[in-house]
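The values are calculated or read from the model by the stated rules, or taken from the named source; none is laboratory data. No experiment lies behind these values; they were computed from the predicted model shown. Here Cβ is always computed from backbone atoms with ideal geometry, including for glycine, and neighbour counts include all displayed protein chains.
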Amino acid sequence: MNPPQMAKNTVAPLPTRRTRGFEAASKLMERQIRAAGEARGFAVSRLLTHWVEIAGADIAAQCRPVKIGYGKGGLGGTLTLLTTGAAGPMLQMQLPALREKVNACYGYNAIARIILTQTAPLGFAEGQAQFSPAPKWSAPAPSREIVQAASACAAGIENTSLRAALEKLACNVLTKAQRSKGNHR
């Protein structure tokens, strides 16, 4: 008699890892940002995403980059900035220094000229956007009843930092429950 044959190890190999650990959120959106930027002539999307750091907070609050156009030679592009009419003359005087800052972002003299496009704040669709970021939203304070109910939930906890964290969590849960109950009526 032949001894029974042992079954070969048929365990599937582990899949290869495509990345090492977590990816930054910017990596997930990199292709979409590049495609949108290249449609308007921005070969380097850093000019769009880091405009405040490149131009400075005072200049970035008054204008934003709209497009980059290149002539027939391909060297020395034209950067078009959108600004309001009132800020135009002040920005016009700062254009040489701004051009140097933008070219420092590229690493070579990619921009030969900067053109300002002035619009009224309520004018064209491009001009309606705010140049400064919106203020941060903060949730309204919970009602007195919710705060009392939350402190009653965590009353038996002796550790003060843990009790404070549980009270905050209970306030958030109770506030959300109250809002959702009010929305269904």
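List of remarks:
- Qualifying residue in region 105-121 (condition: hydrophobic (A, V, I, L, M, F, W, C), in a loop (DSSP other than H, G, I, E, B), assigned by TED's automatic domain parsing to the domain that holds A55 and surrounded by fewer than 16 Cβ atoms within 10 Å (Cβ to Cβ)): yes
- The condition (being at pLDDT 85 or above and small (G, A, S)) is satisfied by just one residue among A134, A129, A86, A97: A97.
- Scan region 138-172 for residues that are surrounded by 14 or more Cβ atoms within 10 Å (Cβ to Cβ), part of a helix (DSSP H, G or I) and of a type in the set (A, V, I, L, M, F, W, C) and the total you get is 8.
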